[in-house]
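Down below is the structure, laid out as structure tokens.
The values are calculated or read from the model by the stated rules, or taken from the named source; none is laboratory data. Only a predicted model underlies this, so the values are computations on that prediction, with no experimental measurement involved. When we count neighbours, we look across all protein chains shown, and the Cβ atoms used for this are built from the backbone with ideal geometry, even at glycine.
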Amino acid sequence: MTRAQGIDVSWWQGAMDWQKAKANGASFAYLKASQQVEDVSFKRNRDGAKAAGILWGAYHYLDWRKSELEQAKLFCDLLRNDPGDLPPMADFEMDPMPPDAQGRLWNFLQIVERELGVLPGIYCGYYSWTENGTPNQGWARYPLWEAWWTKYDWFVRVPKPWKAWTFWQNSEKGDGWAYGAQSKQIDLDFYNGTVEELMSKYGGEPPVIVRCPTCGQVIQNGGTP
């Protein structure tokens with residue numbers, strides 16, 4: 001199977017030539033939206049990826065120096081009118097991890113799902129999760145974007161409770177210039193499926209987000225609270 005290729009970027013990549021990224025095989029991209037503040041490149045990258053016909057998703061880098069509730073609000077405010085094509089991701093990697101890191105991640109995900117009306121996912125490395133997460137089956141409903149830097153997919157170890165990764169960051173040393181970045185290097189990713197499967201799952205029209213006028217709860221695709 002030839003898996004769909006992608007990239008992930010932040011302000012570190014500088015100005016991006018998204019048409020060049022597309023021409024060199026990027027079918028999707030994850031864009032850093034926020035950490036303690038909005039990433040300065042987020043809106044520019046979002047608009048550029050969309051114009052180039054690249055499916056996009058946003059991620060938030062969880063920063064333990066700030067309340068996860070405040071971080072979730074910042075992230076949701078940036079995505080409220082357009083949550084992206086791909087699942088919004090919580091980047092769970094900042095060291096050192098506090099004892100309550102898992103609970104704070106859970107709180108963040110609940111708010112994002114409630115406010116945006118879409119199921120978010122988790123970015124993490126195998127060892128980071130095995131040391132700081134749990135194999136509790138409740139986590140498995142969230143799509144996994146795993147960081148494991150190798151070119152061999154059979155070598156990727158998936159942390160429990162997941163049985164497979166949805167997205168895989170396989171390198172931090174991609175050719176940035178080849179993908180239209182100003183930086184020399186760029187992160188490279190795969191989707192666990194072909195381009196056709198990626199487009200079939202995420203390339204349709206985004207869900208209609210409607211809110212209950214009294215409680216503010218998300219009503220998706222004409223459902224009821």
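Tell me the residue from Val156, Val208, Val218 that is touching a Phe, Trp or Tyr at 6+ places or on another chain (Cβ under 6 Å), at pLDDT below 95 and not basic (Lys, Arg), please.
Val156
Can you pull out every residue in segment 70-100 that is surrounded by fewer than 21 Cβ atoms within 10 Å (Cβ to Cβ), closer than 25 Å to Val156 by Cβ and hydrophobic (A, V, I, L, M, F, W, C)?
Correct list: Met94, Met97.
Would you mind finding the one in Trp168, Trp139, Trp162 that is among the hydrophobic types (A, V, I, L, M, F, W, C), part of a helix (DSSP H, G or I) and at pLDDT 95 or above?
That would be Trp139, the only listed residue that is among the hydrophobic types (A, V, I, L, M, F, W, C), part of a helix (DSSP H, G or I) and at pLDDT 95 or above.
Residue under question is Asp175, and the condition is that it be touching a Lys or Arg at 6+ places or on another chain (Cβ under 9 Å), at pLDDT 95 or above and either among the small types (Gly, Ala, Ser) or exposed (fewer than 15 other Cβ atoms within 10 Å of the Cβ) (or both); does it hold?
yes
What do you reckon, is Ala33 closer than 24 Å to Leu105 by Cα and touching a Leu at 6+ places or on another chain (Cβ under 9 Å)?
Values: closer than 24 Å to Leu105 by Cα: yes; touching a Leu at 6+ places or on another chain (Cβ under 9 Å): yes.
Yes, satisfied.
Hey, can you tell me all the residues within segment 1-33 that are part of a helix (DSSP H, G or I) and closer than 12 Å to Tyr179 by Cβ? Reasoning before the result, please.
The initial filter retains those residues of segment 1-33 that are part of a helix (DSSP H, G or I), namely 11-13, 18-23.
Hits for segment 1-33 are Gln13, Trp18, Gln19, Lys20, Ala21, Lys22, Ala23.
For Gln169, state whether it is among the polar types (S, T, N, Q) and within 19 Å of the chain's Cα centre (by Cα).
Details: among the polar types (S, T, N, Q): yes; within 19 Å of the chain's Cα centre (by Cα): yes.
Yes.
Which number in (1) modelled with pLDDT of 95 or more; (2) surrounded by fewer than 15 Cβ atoms within 10 Å (Cβ to Cβ) marks the one condition that Lys151 misses?
(1)
Which residue is farthest from the chain's Cα centre (by Cα), if the candidates are limited to segment 126-166 and must be of a type in the set (Asp, Glu) and within 30 Å of Ala52 (Cα to Cα)?
Out of the qualifying residues, it is Asp153.
Specify the residue that is farthest from Leu198 (Cα to Cα); the eligible residues are those in segment 88-124 that are in contact (Cβ under 8 Å) with a residue 60 or more places away in the chain and either in a loop (DSSP other than H, G, I, E, B) or basic (Lys, Arg) (or both).
Across segment 88-124, the extreme among qualifying residues is Arg114.
Condition first: in a helix (DSSP H, G or I) and among the hydrophobic types (A, V, I, L, M, F, W, C). Now tell me which residues in segment 39-53 satisfy that.
Answer for segment 39-53, where residues must be in a helix (DSSP H, G or I) and among the hydrophobic types (A, V, I, L, M, F, W, C): Phe42, Ala49, Ala51, Ala52.
Residue under question is Gln36, and the condition is that it be surrounded by fewer than 19 Cβ atoms within 10 Å (Cβ to Cβ), at negative phi and either part of a loop (DSSP other than H, G, I, E, B) or β-branched (Val, Ile, Thr) (or both); does it hold?
It is true that Gln36 is surrounded by fewer than 19 Cβ atoms within 10 Å (Cβ to Cβ), at negative phi and either part of a loop (DSSP other than H, G, I, E, B) or β-branched (Val, Ile, Thr) (or both).
From Lys66, Lys43, grab the single residue that is without any contact (Cβ under 8 Å) to a residue 60 or more places away in the chain and closer than 28 Å to Gln182 by Cα.
Exactly one of Lys66, Lys43 is without any contact (Cβ under 8 Å) to a residue 60 or more places away in the chain and closer than 28 Å to Gln182 by Cα, namely Lys43.
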